[in-house]
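Let me begin by presenting the structure, written as structure tokens, before commenting on it.
The values are calculated or read from the model by the stated rules, or taken from the named source; none is laboratory data. Here the structure is a predicted model, which means the values were calculated and not measured. Positions of Cβ are backbone-derived with ideal geometry, glycine not excepted, and every protein chain shown enters the neighbour counts. For the accessible areas, the whole protein counts, side chains as well, though only heavy atoms, and no ligand, DNA or RNA atoms are used. Shrake-Rupley method; radii C 1.70, N 1.55, O 1.52, S 1.80 Å.
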Amino acid sequence: MFELTASKIHDETKQGEAFAGLSSSSLSFQKKFYIESYGCAMNFADSEVIASILIDKGFGVTQNFEEADLIFLNTCSIREKAELTVRKRLTEFRQLKRQKPGMLIGVLGCMAERLKSKFIEEEKLVDLVVGPDAYRTLPALIEEAESGQKGVNVLLSREETYGDISPVRLNSNGVTAFVSIMRGCNNMCSFCVVPFTRGRERSRDANSIIKECEELFNNGYKEITLLGQNVDSYLNPNPSPQVEKGTVKPVTFSNLLEKVALISPLLRVRFSTSHPKDITDEVLFTIAKYSNICNYIHLPVQSGSTRILELMNRTYTREWYINKINRIREIIPGCGLSTDMITGFCTETEVDHKETLSLMKYCEYDLAYMYYYSERPGTLAERRYKDDVTEEIKKRRLQEVIALHRIQSLKSMQNEIGKTAKVLIEGNSKKSDEHWAGRSDNNKVVVFAKQNNSFKKGDYADVLITECTAGTLIGKAI
Ligand code: SAM
Ligand code: SF4
């Protein structure tokens with residue numbers, strides 16, 4: 001049985017989840033690794049690349065850290081709380097390390113990149129610190145650490161996309177998968193640490209993306225989410241000679257979406273994340289054209305106040321964003337919409353906050369990820385502005401934003417009652433083996449009784465929605 005949550009892009013229920021990959025008997029491998037992932041979907045996808053690199057070198061995987069020779073935490077730096085969670089988790093391994101002195105502990109990902117070798121000074125039990133672009137060097141670093149030296153590689157790259165590495169699917173339901181299409185970010189939103197921890201933006205070769213998607217489909221997967229910090233600025237980095245001669249155009253995000261959609265009408269395509277400044281009409285028309293590209297867009301706004309958006313360096317105004325929402329609804333009627341919102345950014349006043357609430361009322365998001373501002377060392381905001389909204393006010397405003405969103409998302413669920421949803425079945429419902437759980441095209445979780453229908457995991461079912469809770473639509477197959 002597995003759990004379905006409202007969205008998989010940043011899934012709170014999966015934070016710290018251990019990798020369960022291929023089954024491995026204790027006799028088959030000399031060394032076993034254990035890996036936990038934190039943060040966004042990109043990090044979870046990276047853990048699948050890391051697993052592939054290690055398994056290729058003869059390491060086995062385990063879900064039990066007590067029997068591991070190597071423990072890895074693939075970390076997130078986006079908010080202070082994410083880093084504190086990892087620090088706390090590390091203390092839990094201290095005792096184990098005393099009992100098993102040969103065991104190595106590695107910190108991977110964004111926190112490794114941000115803190116570099118300082119991590120080793122601060123957390124003596126850490127043996128390896130490896131940034132997001134250095135995973136190919138992990139086997140060599142492990143060897144180094146086994147000889148008693150600390151293994152550190154936090155070099156960022158302008159080229160690395162791990163495009164040739166076939167990720168080992170972790171904790172997979174066998175139906176839905178993430179496929180990374182690009183890495184890094186060039187946007188420099190003033191609150192954000194990502195450009196510093198994940199480096200410059202680079203796109204993965206389109207052919208390797210298509211090949212991975214085709215393989216997934218041939219192995220029974222029915223839904224692919226194309227991942228990147230800013231998918232709409234995707235541009236195929238390896239133009240063919242014809243491109244250079246100007247006879248063939250390079251692959252844009254909308255071309256890529258189309259190519260993936262054309263693999264099979266039975267393969268659903270999703271993508272995340274879109275930056276409002278980059279999503280084009282061309283992308284919207286492509287979504288509208290193919291019924292297997294899901295009608296759902298995650299379009300983070302961050303604030304409803306133009307003044308705050310400017311300080312955040314988001315490069316759009318409130319009005320510009322609203323026009324984009326209108327355009328989406330014009331080209332893709334009924335399109336599901338979600339967002340990210342930050343409350344209490346530097347200098348935010350009650351007037352700015354009211355603008356955020358009114359923008360939310362206008363946009364009627366189906367889903368929202370809402371946070372209070374957490375100052376991150378080294379970001380533009382930390383260097384330029386004072387973090388001057390008190391924690392109490394930040395949290396109170398966040399509660400107001402959450403309360404409004406709850407009302408709106410319930411309304412959006414209730415609007416589905418009486419409609420028929422095409423549901424991709426992902427597995428049993430978490431509450432009962434007598435029910436299937438899946439997702440509608442517009443990304444809502446749907447549960448329905450198996451009764452005597454002949455569906456199986458990975459099938460599509462037409463489900464008449466009869467009732468709902470705040471997070472789940474309930475219906476019956478027709
Ligand atoms: N690239 C995506 C975008 O532009 O929306 C997502 C980046 S980030 C991994 C996910 C979300 O974390 C952001 O959209 C933002 O709402 C939130 N976030 C980033 N930095 C933050 C900070 N310093 N404090 C609070 N929330 C933050
Ligand atoms: Fe961070 Fe902005 Fe890049 Fe998203 S677009 S990763 S919020 S800098």
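Contact annotation: residue pairs with Cβ atoms under 7 Å, 6 or more positions apart or on different chains, pairing a residue in region 73-87 that is over 12 Å from V107 (Cα atoms) with a partner that is near ligand 1 (Cβ under 9 Å from one of its atoms) and among the polar types (S, T, N, Q), are R79/S374; E80/S374; K81/S374.
Scanning region 366-386 for residues that are open to solvent by 40 Å² or more (accessible area, probe 1.4 Å), near ligand 1 (Cβ under 10 Å from one of its atoms) and within 11 Å of E348 (Cβ to Cβ) gives a single hit, Y372.
Out of curiosity, is T315 within 16 Å of ligand 2 (Cβ to nearest atom), part of a strand (DSSP E or B) and within 23 Å of D281 (Cα to Cα)? Considered against the rule, which asks whether it is within 16 Å of ligand 2 (Cβ to nearest atom), part of a strand (DSSP E or B) and within 23 Å of D281 (Cα to Cα), T315 comes out as no. Here V179, V168, V126 are screened, and the one residue that is buried (at least 19 other Cβ atoms within 10 Å of the Cβ), in contact with a helix residue (DSSP H, G or I) (Cβ under 7 Å, 6 or more places away or on another chain), over 16 Å from F44 (Cβ atoms) and at pLDDT 90 or above is V126. Considering region 318-365, the residues that are in a loop (DSSP other than H, G, I, E, B) and open to solvent by less than 30 Å² (accessible area, probe 1.4 Å) include one that is nearest to ligand 2 (Cβ to nearest atom), namely F345.
Just so you know, in region 380-390 the residues that are part of a helix (DSSP H, G or I) and touching a residue at least 24 places away in the same chain (Cβ under 8 Å) include one that is farthest from I342 (Cα to Cα), and it is R384.
Under the condition of being away from ligand 2 (no atom under 13 Å from the Cβ) and in contact (Cβ under 8 Å) with a residue 40 or more places away in the chain, the residues counted in region 185-215 number 12.
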